[in-house]
1. Consider Ser33 carefully, then state whether it is touching a Lys or Arg at 6+ places or on another chain (Cβ under 8 Å), among the hydroxyl-bearing types (Ser, Thr, Tyr) and surrounded by 15 or more Cβ atoms within 10 Å (Cβ to Cβ).
2. Between residues in region 110-125 that are more than 12 Å from Met147 (Cα to Cα) and residues that are basic (Lys, Arg) and part of a helix (DSSP H, G or I), which pairs lie under 7 Å by C-beta distance while being six or more apart or on different chains?
3. If you take the residues of region 100-143 that are polar (S, T, N, Q) and closer than 16 Å to Ser33 by Cβ, which of them is surrounded by the most Cβ atoms within 10 Å (Cβ to Cβ)?
4. In contact (Cβ under 8 Å) with a residue 60 or more places away in the chain and either of a type in the set (Gly, Ala, Ser) or over 23 Å from Leu40 (Cβ atoms) (or both): which single residue out of Phe158, Phe138 fits that description?
5. Check Leu59 against each of (1) surrounded by 16 or more Cβ atoms within 10 Å (Cβ to Cβ); (2) assigned to a helix (DSSP H, G or I); (3) of a type outside the set (D, E, K, R) and name the one condition it does not meet.
6. Those residues that are among the aliphatic types (A, V, I, L, M) and either surrounded by 11 or more Cβ atoms within 10 Å (Cβ to Cβ) or modelled with pLDDT of 80 or more (or both), I need them from region 1-20; list them, please.
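The values are calculated or read from the model by the stated rules, or taken from the named source; none is laboratory data. Just so we're clear, the structure is a prediction, and the values are computed from it rather than from any experiment. Reconstructed Cβ throughout: ideal geometry from the backbone, glycine too, with neighbour counts over all protein chains shown.
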Amino acid sequence: MDLDALTTLLPDVIRAHRGWAPFIVGALAFAESLAIVSFLVPSTFLLLGIGALIAAMGLDFWPVWLGAALGAILGDWVSYAIGYRFKHAVFGIWPLSRHPTLADRGERFFSRWGAWSVFLGRFIGPMRAVVPLTAGIFAMPILLFQMANIASGFVWAFIMLAPGSGLTALAQ
């Protein structure tokens with residue numbers, strides 16, 4: 001399925017199943033935040049578009065935002081666990097194996113910024129896929145990781161959804 005088909009199908013699915021919107025958005029945010037999968041799913045583009053759908057369809061913003069935040073938090077948590085369990089071997093798995101410089105950049109970013117890298121990395125496209133893995137590889141204390149993960153997940157979800165929702169509401 002190509003991006004055009006997905007961008008037309010997703011709004012139709014959300015219109016038909018309005019009550020499932022927080023879960024659909026949560027699944028997209030999970031895919032966007034999960035290492036390896038984030039390379040394959042164009043969730044950023046879709047989430048920005050869904051932000052506009054929220055107001056246009058009269059959906060309540062906060063449950064959809066919460067779905068996005070929880071999906072993002074869970075995706076990074078699973079990525080951390082994968083890095084913690086498999087260490088550097090994870091960078092040998094496709095599609096990460098096709099981007100060897102990304103692992104190096106992720107490690108340098110993590111080394112420089114520490115816990116802040118988990119927070120900041122969520123907002124930087126390529127780093128979003130590798131910083132949680134790197135945090136797991138280097139066994140960052142889980143409490144510190146989760147504090148940065150949860151804070152960034154809530155902020156990121158708001159930044160992804162609110163502009164489209166607010167601009168659409170103003171235009172109506």
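1. yes
2. These pairs meet every condition: Gly121/Arg128; Arg122/Arg128.
3. So, considering only residues that are polar (S, T, N, Q) and closer than 16 Å to Ser33 by Cβ, the one surrounded by the most Cβ atoms within 10 Å (Cβ to Cβ) is Thr134.
4. Phe158 is the lone residue from the list that is in contact (Cβ under 8 Å) with a residue 60 or more places away in the chain and either of a type in the set (Gly, Ala, Ser) or over 23 Å from Leu40 (Cβ atoms) (or both).
5. (2)
6. Passing the criteria: Leu6, Leu9, Leu10, Val13, Ile14, Ala16.
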